[in-house]
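One structure below.
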Amino acid sequence: MSMRSGKIIKAPQELERAPDKQGSLKQNGLSVIKFCLHTQGTTGSYFLKDHMLLFVKSGVYTVQFKNQEYTVRSNEMVFLHKSIRIDYIKSGEPGSEFMLDYMMFFLNEKMLEEFVQFSGFKPGYTVNGITPVSIMQVNELTRSYIASLKPYFENPDEVKDGLIRLKFMELLFHLAHTNDHFLYQLLQPNTERNSNLEKLMEENITNPISISDLAYLSGRSLSSFKRDFQTVYHTSPLKWIRNQRLDKAKKLLAETSLSVTDVCFSTGFENVAHFSKVFKLQVGLPPSEFRLQSKQSEEKIK
């Protein structure tokens, strides 16, 4: 799977407007989104703001995180840790006109804390480090649970908030029963301190990531992250990221035929008008004029 130049979608927020969305259940920061579409290989990218569980009812959903691929088939589930960027390719079943049917469950940390208090769940052992992506076991009870959500999607406005909360609790009980290792991964804090700030920043330059996300990924508090960043780079994280993105944008405009919109999204900017404004302030020319001048300079050299 190759990296794409399209916009990276922030999940779950921007998925609510997806054209293939069949329904959603929402309550106080929790959400389940059901999708159903005909596809022979749709590709894209997400940046996850919350932990996500993705259950495939039929079809194949392939996730790529860094250089590793994970294939989720019918009646399988994958767990994706918060604050990561993933690429995907999704395909339907050939025998059913390439129908792909899947559900995404987004879990925030407040909900997980409530589950621990409510259930008294205590993992039986310690796990070293966090696994960003893992394929989950799905037993008969969990499949029955998934099927039980169908009437909720048919009349979402009639479903009380408390009931959605209970259904999330039920899902976590199923997963705690069959995947002790997974729940410990989910519940333990991110204590792994990533002292290599350069590597962390390089990996996330083009992701739609907040400074809080970066602090979380580095294992630091927000204030510690800003302090350490200032020590290493002698500037603020926001200024550094913007300058790095603009440098990448200049290179792409000069050396490729990507449209200004594609350059905007592939360098981590989320709005073309904002990108053009920031670019002109920094470079002195709008992106299209910069490209034109670069091409003219290149012709003269030849």
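The values are calculated or read from the model by the stated rules, or taken from the named source; none is laboratory data. What you see is a predicted model; the values in this text were computed from it and never measured. We place every Cβ from the backbone using ideal geometry, glycine too, and count neighbours over all the protein chains shown.
A few comments on the model shown:
- Inspection of the range 266-284 identifies at least one residue that is part of a helix (DSSP H, G or I), under 18 Å from GLU202 (Cβ atoms) and under 29 Å from the mean Cα position of the chain (by Cα).
- In the set GLU203, GLU192, only one residue is of a type in the set (Asp, Glu), assigned by TED's automatic domain parsing to the domain that holds LEU281 and either at pLDDT 85 or above or under 17 Å from ILE84 (Cβ atoms) (or both); that residue is GLU203.
- Considering the range 16-44, and only residues there that are outside any strand (DSSP E or B) and of a type outside the set (S, T, N, Q), the residue that is modelled with the lowest pLDDT turns out to be GLY29.
- Only listed residue being surrounded by 18 or more Cβ atoms within 10 Å (Cβ to Cβ), in contact (Cβ under 8 Å) with a residue 24 or more places away in the chain and in contact with a strand residue (DSSP E or B) (Cβ under 6 Å, 6 or more places away or on another chain), chosen from LEU48, LEU30: LEU48
- For the range 83-104, residues that are among the charged types (D, E, K, R) and closer than 28 Å to SER210 by Cα total 3.
- Matching residues in the range 201-221 - criterion: being polar (S, T, N, Q) and touching a residue at least 40 places away in the same chain (Cβ under 8 Å): ASN204, THR206, ASN207
Residues are listed down the side, and each one gets a yes or a no for (1) crowded, with 20+ Cβ neighbours inside 10 Å; (2) under 11 Å from the mean Cα position of the chain (by Cα):
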| residue | (1), (2) |
| --- | --- |
| LEU37 | no, no |
| MET52 | yes, yes |
| LYS57 | no, no |
| VAL60 | no, no |
| GLN68 | no, no |
| VAL72 | yes, no |
| MET77 | yes, no |
| SER83 | yes, yes |
| GLY95 | no, no |
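- Listed conditions (1) loosely packed, with under 13 Cβ neighbours inside 10 Å; (2) under 20 Å from GLN22 (Cβ atoms) are all met by MET104, apart from (1).
- Scanning the range 225-242 for residues that are assigned to a helix (DSSP H, G or I) and either loosely packed, with under 14 Cβ neighbours inside 10 Å or outside the structural domain of GLU270 (by TED's automatic domain parsing) (or both) yields a count of 6.
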